[in-house]
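For reference, the structure is listed below as structure tokens.
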Amino acid sequence: MSFRQTSWRHWENSLNIAQALALSSSLERNSDSARLDAEVLLAFVLDKNREYLYTWPEKILTLSQQSKFRLLIEKRKQGQPIAYLIGQKEFWSLTLTVSDATIIPRPDTERLVELALELKGEDALTALDLGTGTGAIALALAHERNNWQIIAVDNHAPALMLAEENKRLLKIANVQTLLSDWFCEVDEHFDLIVSNPPYIDEMDEHLQQGDVRFEPRSALVASERGLGDIMAIAEQSRSYLNKAGLLLFEHGSQQAEEVRAVLNRFGYDAVTTFQDYSHNDRVTGGYWHG
Ligand SMILES: C[S@@+](CC[C@H](N)C(=O)[O-])C[C@H]1O[C@@H](n2cnc3c(N)ncnc32)[C@H](O)[C@@H]1O
């Protein structure tokens with residue numbers, strides 16, 4: 001029997017790692033990374049790394065491992081994101097726990113982290129991460145700058161619990177989580193405010209595609225063609241930024257001009273858009289001088 005011929009009817013029999021992986025072919029219609037998906041899921045079920053799968057291809061799976069793997073493959077066939085299935089995602093070299101309480105952190109957002117670090121340097125400062133979700137941005141900044149004091153805000157309690165759990169697992173001390181509808185519960189001032197807020201237009205067709213279908217709408221969609229939260233944050237940040245404080249947003253690649261217009265309208269200085277690694281306009285910021 002070739003690996004290609006391996007089929008679901010073999011589940012109840014002894015199935016080794018190589019044969020289980022061959023089942024990735026059944027994912028091919030649903031995922032363009034079928035083999036990789038199967039490897040990640042099987043490594044997760046076995047609690048090993050992917051190299052292990054190639055070192056021990058003849059190792060037989062227990063019945064419990066078979067049924068867990070089968071369930072995960074079925075969920076992946078329905079389109080569920082790999083990160084939600086294994087409950088983890090790498091971000092800025094940190095392994096974050098993820099759940100459908102908030103979005104899966106994106107590699108694009110690492111650009112926002114990189115820019116905040118570059119633009120604010122290494123001096124001690126206070127920072128605010130608005131809409132922290134898993135805590136990705138706040139925890140990455142805190143990991144790089146242990147002299148920064150960071151408050152991480154979300155208005156969705158299950159998301160904030162994730163951020164708190166990630167902070168605990170990563171043993172990061174200089175982040176404090178806060179349940180708040182943007183600035184409602186915030187009463188400090190900051191040298192830096194960063195945000196990857198909801199910025200997708202509710203009519204955007206991407207909401208019906210890929211992993212995004214499984215992520216909470218409240219974390220993705222904003223009014224005013226996606227600009228509603230950016231406008232609210234830009235307006236209110238003026239009351240919470242220290243002199244020469246920096247406000248930095250991630251936004252959609254088509255929104256840069258409008259986000260610059262919002263920041264200019266509210267009186268920010270040196271308003272600038274930065275590109276991501278694919279040369280798309282994805283981050284815009286400005287300084288507040290009062
Ligand atoms: C696009 S996600 C970003 C999550 C995380 N910062 C990241 O980059 O992966 C936006 C987050 O903003 C939160 N959010 C939405 N509206 C909010 C509000 N009014 N106040 C506070 N947080 C809000 C959502 O719960 C969600 O976790």
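Annotations for the structure displayed:
- VAL221 surrounded by fewer than 19 Cβ atoms within 10 Å (Cβ to Cβ), assigned by TED's automatic domain parsing to the domain that holds LEU248 and within 13 Å of the ligand (Cβ to nearest atom): yes
Residues checked against (1) open to solvent by less than 10 Å² (accessible area, probe 1.4 Å); (2) in contact with a strand residue (DSSP E or B) (Cβ under 9 Å, 6 or more places away or on another chain); (3) more than 11 Å from the ligand (Cβ to nearest atom):
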position: VAL113; (1), (2), (3): yes, yes, no
position: ASP129; (1), (2), (3): yes, yes, no
position: LEU139; (1), (2), (3): yes, yes, no
position: GLU144; (1), (2), (3): no, no, yes
position: GLN149; (1), (2), (3): no, yes, yes
position: ALA152; (1), (2), (3): yes, yes, no
position: ALA157; (1), (2), (3): no, yes, no
position: MET161; (1), (2), (3): no, yes, yes
position: ARG168; (1), (2), (3): no, no, yes
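- Matching entry among GLY226, GLY210, GLY285 (being away from the ligand (no atom under 15 Å from the Cβ), open to solvent by less than 10 Å² (accessible area, probe 1.4 Å), touching a residue at least 12 places away in the same chain (Cβ under 8 Å) and under 24 Å from the mean Cα position of the chain (by Cα)): GLY285
- Against the list (1) within 16 Å of the ligand (Cβ to nearest atom); (2) of a type in the set (Val, Ile, Thr); (3) open to solvent by 30 Å² or more (accessible area, probe 1.4 Å), the condition VAL194 fails is (3).
- When SER218 is tested against (1) closer than 16 Å to GLY131 by Cβ; (2) part of a loop (DSSP other than H, G, I, E, B); (3) of a type in the set (Ser, Thr, Tyr), only condition (2) is not met.
The values are calculated or read from the model by the stated rules, or taken from the named source; none is laboratory data. All values reported here derive from a predicted model rather than from experimental measurement. Virtual Cβ from ideal backbone geometry, glycine too; neighbours counted across all protein chains shown. Keep in mind that these areas ignore ligands, DNA and RNA; they rest on the heavy atoms of the full protein, side chains included. Shrake-Rupley method; radii C 1.70, N 1.55, O 1.52, S 1.80 Å.
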